[in-house]
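Peer 1: Structure incoming, see below.
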Amino acid sequence: MERLKTEKHVVGLKQSVRAIEEDKATLAFVARDAEYHVAFPFETLCKEHNIEIVYVNNMKELGKACHVEVPTAVAVLLR
């Protein structure tokens, strides 16, 4: 998660999905307490595109690592 503090990334489901579909993502982060209807399709998309997933304890922790003040379900690092 340290890489989120120093490398270019996007936060949130829509932006993260777009980055994966455009082949711009290198690594994905998913909060363990993210809602199933958000996490499951996102994890499936990551697997289809061979993007490694790192699981974070909770959405609050992921949001803080991404420098946003709201809980965050998913984020990706960019190329």
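The values are calculated or read from the model by the stated rules, or taken from the named source; none is laboratory data. Since the structure is predicted, the reported quantities are computational estimates derived from the model, not experimental observations. Glycine gets a Cβ as well: all are built from the backbone with ideal geometry, and neighbour counts include every protein chain shown.
Peer 1: Output the residues belonging to segment 22-37 that are surrounded by fewer than 16 Cβ atoms within 10 Å (Cβ to Cβ) and either within 13 Å of Arg79 (Cα to Cα) or of a type in the set (A, V, I, L, M) (or both).
Peer 2: Once the filter is applied, which keeps residues that are surrounded by fewer than 16 Cβ atoms within 10 Å (Cβ to Cβ) and either within 13 Å of Arg79 (Cα to Cα) or of a type in the set (A, V, I, L, M) (or both), segment 22-37 yields Glu22, Asp23, Lys24.
Listed here are the residues, each with its yes/no results for (1) part of a helix (DSSP H, G or I); (2) closer than 16 Å to Glu7 by Cβ.
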site	(1), (2)
Asp33	no, no
His37	yes, no
Pro41	yes, no
Glu61	yes, no
Leu77	no, yes
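Peer 1: Enumerate the pairs (first residue in segment 30-52 and modelled with pLDDT of 95 or more; second residue anywhere and part of a loop (DSSP other than H, G, I, E, B) and surrounded by 12 or more Cβ atoms within 10 Å (Cβ to Cβ)) with beta-carbon separation below 6 Å, excluding pairs fewer than 6 apart on the same chain, so at least 6 apart or on different chains.
Peer 2: Ala31/Asn58; Ala31/Ala73; Asp33/Asn58; Ala34/Ala73; Val38/Ala73
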